[in-house]
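The block underneath contains the structure these notes are about, expressed in structure tokens.
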Amino acid sequence: MRCSFALTAVAALAGAALGRVYYEETFSDSDSIDGFKATEARSDLGSIKLSAGKWYSDAENSVGLQLAEDARFYAYTAKLQRPFNTKGKDFVVQFTVKYEQDIDCGGAYLKLLPPTLDPAKFDGESPYEVMFGPDICGSTNRRVHAIINYNGTGSQIDKVVPPRGDQLTHQYTFWV
């Protein structure tokens, strides 16, 4: 699966109009990929790279994180700039995804991990606070996951929102 992410913002907002950004990556710097660390829990990870992809309107401003190999697992982490508490505040996760080929099975979701998790041990069974993004598997199992863990229990948002499986860039926003 060749998929590009452009992480525009992961923010905990103090209000609808004013917020504080806790993580933002525009991939405008060629060294920005260095902030992403591969897990050591798996040896079969696909590689990542910075790329504008096969087609774009502006090569410089279209650069994103590309999952560069088909049919591979990806488990990369990037550290938040500072810890945060969302109590009494809005919380927004937002990023863009572009599948460059027809996709029949693959996820392009983000997980917000607890600060106690060792990134080197991150795998599919690792605990997470929030999981959000598109997941496509076949023609019938397609949804945008929006899961919040509270007191050790994952709560999937009930409404099924089908992701776009075309080859255009789509922005995904989760606002709680």
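The values are calculated or read from the model by the stated rules, or taken from the named source; none is laboratory data. These figures come from a predicted structure and were not determined experimentally. Every residue, glycine among them, receives a Cβ derived from its backbone with ideal geometry; neighbour counts consider all protein chains shown. These accessible areas exclude ligands, DNA and RNA; they are computed on the full protein's heavy atoms, side chains included. Shrake-Rupley method; radii C 1.70, N 1.55, O 1.52, S 1.80 Å.
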Quick test for you: out of Ala38, Ala16, pick the one residue that is at pLDDT below 50, more than 14 Å from the chain's Cα centre (by Cα) and aliphatic (A, V, I, L, M). Ala16
Residues Pro163, Pro119: which one is modelled with pLDDT of 90 or more, closer than 30 Å to Asp58 by Cα and buried (at least 16 other Cβ atoms within 10 Å of the Cβ)? Pro163
Being open to solvent by 50 Å² or more (accessible area, probe 1.4 Å) and touching a strand residue (DSSP E or B) at 6+ places or on another chain (Cβ under 7 Å) is the filter here, so list the residues in the range 144-153 that pass it. Ile148
Being free of Cβ contacts under 8 Å to residues at least 24 places away in the same chain, of a type in the set (S, T, N, Q) and open to solvent by 80 Å² or more (accessible area, probe 1.4 Å) is the requirement here; does Thr169 meet it? no
Count, please, the residues in the range 121-176 that happen to be of a type in the set (Lys, Arg) and over 23 Å from Phe73 (Cβ atoms). 1
In this structure, does Tyr56 turn out to be out of contact with any Phe, Trp or Tyr (no Cβ under 9 Å at 6 or more places or on another chain) and under 29 Å from Gly19 (Cβ atoms)? yes
When you check Gly106 against the structure, is it out of contact with any Lys or Arg (no Cβ under 6 Å at 6 or more places or on another chain), open to solvent by less than 80 Å² (accessible area, probe 1.4 Å) and not in a loop (DSSP other than H, G, I, E, B), yes or no? yes
Just wondering, is there one or more residues in the range 126-143 that are at pLDDT below 90, of a type outside the set (Val, Ile, Thr) and open to solvent by less than 40 Å² (accessible area, probe 1.4 Å)? yes
Which condition breaks for Leu110 when tested against (1) under 17 Å from the mean Cα position of the chain (by Cα); (2) more than 20 Å from Pro163 (Cα to Cα)? (2)
